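I have placed the structure first, in the form of structure tokens, so that the comments after it can refer back to it.
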Amino acid sequence: MAKKENPFKNLLKPIKIGPVELKHRMVLAPMNETLSGHDGQVTEQLIAYYAARAKGGASMIITGAIMGTELASRYVWGRNLYCFHQGHVVGLKMLTDHIHYFGSQACAQITIGFGRQGHSRDHNELVPAPTAGLPYELALEKLPKPIEVSMRNIEHPRWFLVGQMTREMTIDEIHREQKEFARSCQLLVLAGFDAIEIHAPHGYLEHQFLSPLTNKRTDMYGGEWRNRKRFLNEVTEQVRYAVGSGVALGVRISAEEHMEGGLTREEMIDVAKDLEARGIDYLSLSDGGGYEEGGHLVPDKDRAEHIPEHGRDFKKALKIPVMVASQHDPFKADKDIGEGMFDISALGRQLFIDPEYPNKIAENRPEDIKMCRYCDTCLSLCLAGVGPACPHNPELGREYANPEYKIGPRAEHESIIPRGMLSGDMPCLDRPWWKPEFPVIEKCWRPFRGPGRR
């Protein structure tokens, strides 16, 4: 019997993002799965969760947002991975080893902080943000529908509806955070990541500086549009310089805020052009103004319908690949890619329910795919801080118990030296400012004393 022709030619077409080639257009979208340890460490379950999606055929695994500075780590929501000192590298290297073993590229999504959306252990503490006295406030109508229903029926999670009071970050503090963040991105290169994605949507700190709704500053980082763009533009420029040319660099942004007085699509396209000019290799599009517009942050089927239109408008303005999320229907996604709406499909909840989705597409078995029902049970459990589970995938949350996701001796396709180190152009960020490079001492100043040869 003749083999049936695979109709997913566009989804299965390879694509390059900077120096990294993806074997097809389906990647794991970044999500805050709350699977890290309480101090931001890599856990056995976190590794197994990502390994399952790599084994399922995703061409790139994008982590949930990693806290890229020590200050950011004090004000998280739930649990996140940390990367801001050398001690974090070993666990992250174990993660990238698993991803590479199963044939995927590894991308670290990293943020400079939650800003006003963060929570400290002491809820009376002021949270560092662009603007003082501006905590977030969530209205039920703006939440994903299943979360709205649970908030109406259960009192306990309602503490999350109002954030902590904020304080304004000083300019010196901003500059210290930017430099520490760039250094943290270098640690991710050492940990073996092939790509780094700056997380700047969803009302996180990078987004807060952009938005007139959350940035009321009157200095060089606030006020008119070019000043509100300054923070993200500087961060991007510094990270591009810091990580060198050996890894791909992307930025994720919201396409618009969907709130009166908030960021428009035209403004975000302008930001995207700035980011492209600063050397990013791809743009990842999400949507909404953050927690206060959560229905677009985690869209249901209806709210996700317009996302390809976002991709089309950004693609018209850019030369780099554009990634979009929440396009679960493989037939429509393949058609949209073919029509130039976007380049890469990032799948989140869809790979919760069926990690084998990319393999099934590659094998032309779309009828075997378990489709996401948008019940958001996974999201509700992540919000509760216990990690995801799915009524339709009994393995989600227990991947650590499956021996299939363990790795063996290093395979031939794995590189011992991290990709980013092979280019040899990652600079030292602690060099004396007046020197073109960090000096080396050629000869020891103490005379040699034997026995034996020097």
**Report entry** Filter pass, Pro157 being closer than 30 Å to Ser380 by Cα and assigned to a strand (DSSP E or B)
**Finding:** no
Report summary line: Going through the range 200-230 in order, the residues found to be in contact with an Asp or Glu (Cβ under 7 Å, 6 or more places away or on another chain) and buried (at least 24 other Cβ atoms within 10 Å of the Cβ) are Ala200, Gly203
Query raised in the report: Here are some conditions: (1) within 27 Å of Ala195 (Cα to Cα); (2) at pLDDT below 95; (3) not polar (S, T, N, Q). Pro355 meets all but one. Which one does it not meet?
Result: (2)
Report task. Of the numbered conditions (1) assigned to a helix (DSSP H, G or I); (2) out of contact with any Phe, Trp or Tyr (no Cβ under 9 Å at 6 or more places or on another chain), Ile417 fails exactly one; give the number of that condition. Result -> (1)
Report task. Would you be able to tell me the number of residues in the range 304-342 that are over 18 Å from Lys13 (Cα atoms) and among the acidic types (Asp, Glu)? Result -> 3
Query raised in the report: How do the pairs read when you match residues in the range 390-414 that are at negative phi with residues anywhere that are acidic (Asp, Glu), using Cβ under 7 Å and keeping only pairs 6 or more apart or on different chains?
Result: Asn393/Asp354; Tyr400/Glu44; Asn402/Glu395; Tyr405/Glu399; Ile407/Asp97
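Let me confirm something: among Ser380, Ser423, Ser415, which residue is polar (S, T, N, Q), farther than 26 Å from Ile196 by Cβ and under 27 Å from the mean Cα position of the chain (by Cα)? Walk me through how you get there before you give the answer.
Numbers: Ser423 fails: farther than 26 Å from Ile196 by Cβ; Ser415 fails: farther than 26 Å from Ile196 by Cβ.
Being polar (S, T, N, Q), farther than 26 Å from Ile196 by Cβ and under 27 Å from the mean Cα position of the chain (by Cα) holds for just one of Ser380, Ser423, Ser415, which is Ser380.
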Requested in this report: Determine which member of the set Met94, Met169 is in contact with an Asp or Glu (Cβ under 8 Å, 6 or more places away or on another chain), in contact (Cβ under 8 Å) with a residue 12 or more places away in the chain and more than 21 Å from His258 (Cα to Cα).
Outcome: Met169
Requested in this report: Pick out the one residue from Asp302, Asp336 that is more than 18 Å from the chain's Cα centre (by Cα) and in a helix (DSSP H, G or I).
Outcome: Asp336
Report task. Considering only the range 57-91, state which residues are β-branched (Val, Ile, Thr) and either assigned to a helix (DSSP H, G or I) or in contact (Cβ under 8 Å) with a residue 60 or more places away in the chain (or both). Result -> Ile62, Ile66, Thr69, Val89, Val90
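Only residues that are in a loop (DSSP other than H, G, I, E, B) and modelled with pLDDT of 95 or more: list them for the range 305-327, please. Reasoning before the result, please.
Step one: of the range 305-327, the residues in a loop (DSSP other than H, G, I, E, B) are 305-306, 318-321, 326-327.
Matches in the range 305-327: Leu318, Lys319, Ile320, Pro321.
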**Report entry** Top-ranked residue of the range 100-150 - restricted to ones that are among the aromatic types (Phe, Trp, Tyr) and not in a helix (DSSP H, G or I), ranked as farthest from Ala29 (Cα to Cα)
**Finding:** Tyr136
Report summary line: Scanning the range 122-152 residue by residue, those within 26 Å of the chain's Cα centre (by Cα), acidic (Asp, Glu) and either loosely packed, with under 14 Cβ neighbours inside 10 Å or closer than 27 Å to Asp219 by Cβ (or both) turn out to be Glu137
Query raised in the report: Does Ser345 satisfy the condition of being more than 30 Å from Cys428 (Cβ to Cβ), at pLDDT 95 or above and not aliphatic (A, V, I, L, M)?
Result: yes
Report summary line: Flagged in the range 390-406 as within 28 Å of Leu11 (Cα to Cα), surrounded by 14 or more Cβ atoms within 10 Å (Cβ to Cβ) and over 21 Å from the mean Cα position of the chain (by Cα), in numbering order, are Cys390, His392, Asn393, Glu395, Glu399, Tyr405
**Report entry** Flag for Gln41 being assigned to a strand (DSSP E or B) and either modelled with pLDDT of 95 or more or buried (at least 18 other Cβ atoms within 10 Å of the Cβ) (or both)
**Finding:** no
**Report entry** Verdict on Glu155 being in contact with a Leu (Cβ under 8 Å, 6 or more places away or on another chain), farther than 29 Å from Phe181 by Cα and surrounded by fewer than 22 Cβ atoms within 10 Å (Cβ to Cβ)
**Finding:** no
Query raised in the report: Residues of the range 392-429 being of a type outside the set (Ser, Thr, Tyr) and in contact with a Lys or Arg (Cβ under 8 Å, 6 or more places away or on another chain), which ones?
Result: His392, Asn393, Glu404, Ile416, Leu429
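The values are calculated or read from the model by the stated rules, or taken from the named source; none is laboratory data. Not measured: the values here are computed from a predicted model. Neighbour counts run over all protein chains shown; Cβ positions are idealised from the backbone, glycine included.
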